[in-house]
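Peer 1: Please read through the structure below; I'll follow up with questions.
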Amino acid sequence: MSMGASIDKAALLRRHGVQVTAQRLAVLRALSEEPHSTAAEIAAAVRSEIGAISQQAVYDALATLTDKGIIRRIQPAGSSARYEDRVDDNHHHLICRSCSQMVDVDCAIGETPCLTAAEDSGYEIDEAEVIYWGRCPDCAAAEQATIRAKQ
Ligand SMILES: [Zn+2]
Ligand SMILES: [Zn+2]
Ligand SMILES: [Zn+2]
């Protein structure tokens, strides 16, 4: 990782009023290299970069960064939360039901809420969370190959 990128990430933290720590910088670096990682994956990446760090310290860093809007937390139904550093563009996600791979999909509208509720019940809506579930091309191809092998 280049020096310039570290300085950018430190500036990003300061801009959001967050104290710059080695842990928080390492978490941000892990996320820019592997977006949509789980907390456990981020902890492993951070450990390989800065050495021993408790799981709790990683969770604390993720919670702070999420609270400040520096990273985004995605909670797919029935699986671990994922984190990413692509924020503020209201993009959505495709998730494979078979291998859990998650990829970004741009929002056609680009701003929240991009879906208008038919009935808002008087709520001020600030977010429409969209996750498309299905199968990735690899898993779909693998299944096709299995079917062909059985024929
Ligand atoms: Zn898949
Ligand atoms: Zn994303
Ligand atoms: Zn949208």
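Peer 1: By the gyration tensor of its Cα atoms, with a ≥ b ≥ c the square roots of the eigenvalues, what is the shape of segment 68-151: rounded for a/c under 1.5, prolate for a/b over b/c, or oblate?
Peer 2: Prolate, because a/c is 1.5 or more and a/b exceeds b/c.
Peer 1: Another question, then. Tell me which GluC sites (Glu not before Pro) from segment 101-147 have a DSSP coil assignment and no more than 15 other beta carbons within 10 Å of their own.
Peer 2: Hits after loop and neighbour filter: Glu111, Glu119, Glu124, Glu127, Glu129.
Peer 1: Could you put Tyr59, Tyr123, Tyr83 in order, starting from the residue whose Cβ has the fewest other Cβ atoms within 10 Å?
Peer 2: Lowest count first: Tyr123, Tyr59, Tyr83.
Peer 1: Is the C-alpha gyration tensor of the chain telling us rounded, prolate or oblate? Criteria: a/c under 1.5 is rounded; beyond that, a/b larger than b/c is prolate, otherwise oblate.
Peer 2: Oblate, since a/c reaches 1.5 and b/c is not below a/b.
Peer 1: If I model a spin label at Gln56 and Cys107 as a point 7 Å from the Cα along the Cα→Cβ vector, what separation in nanometres do I get?
Peer 2: Taking the simple label geometry, Gln56 and Cys107 are separated by 3.6 nm.
Peer 1: Give the distance, in whole Å, between the Cα centre of segment 99-142 and the Cα centre of segment 59-80.
Peer 2: One Cα centre to the other: 17 Å.
Peer 1: Between Ser79 and Ala63, what is 0.36 nm times their sequence separation minus the Cα-Cα distance? Round to one decimal in nm.
Peer 2: Working it through step by step, the gained length comes to 4.0 nm.
Peer 1: Let's see if you can work this out: charge +1 on each Lys and Arg Cβ, -1 on each Asp and Glu Cβ, no other charges. What is the dipole magnitude of the chain about its Cα centre, in debye to the nearest 20?
Peer 2: The dipole magnitude comes to about 720 debye.
Peer 1: Answer with one residue from Gly122, Gly17, Ser79: the one whose Cα lies farthest towards the positive end of the charge dipole of the chain, charges on Cβ with Lys, Arg +1 and Asp, Glu -1.
Peer 2: Ser79
Peer 1: Next question. Quickly work out the Thr21-to-Ala40 label distance, labels modelled 7 Å from Cα along the C-beta direction, and quote it in nm with one decimal.
Peer 2: It works out to 2.4 nm between the two label points.
Every read-out reported here was derived from the displayed coordinates using simple, explicitly stated rules and does not represent laboratory data. The structure presented is a predicted model; accordingly, all values stated were derived computationally and were not measured. Methodologically, a virtual Cβ is constructed for each residue, glycine included, from the backbone with ideal geometry; neighbour enumeration extends over all protein chains shown.
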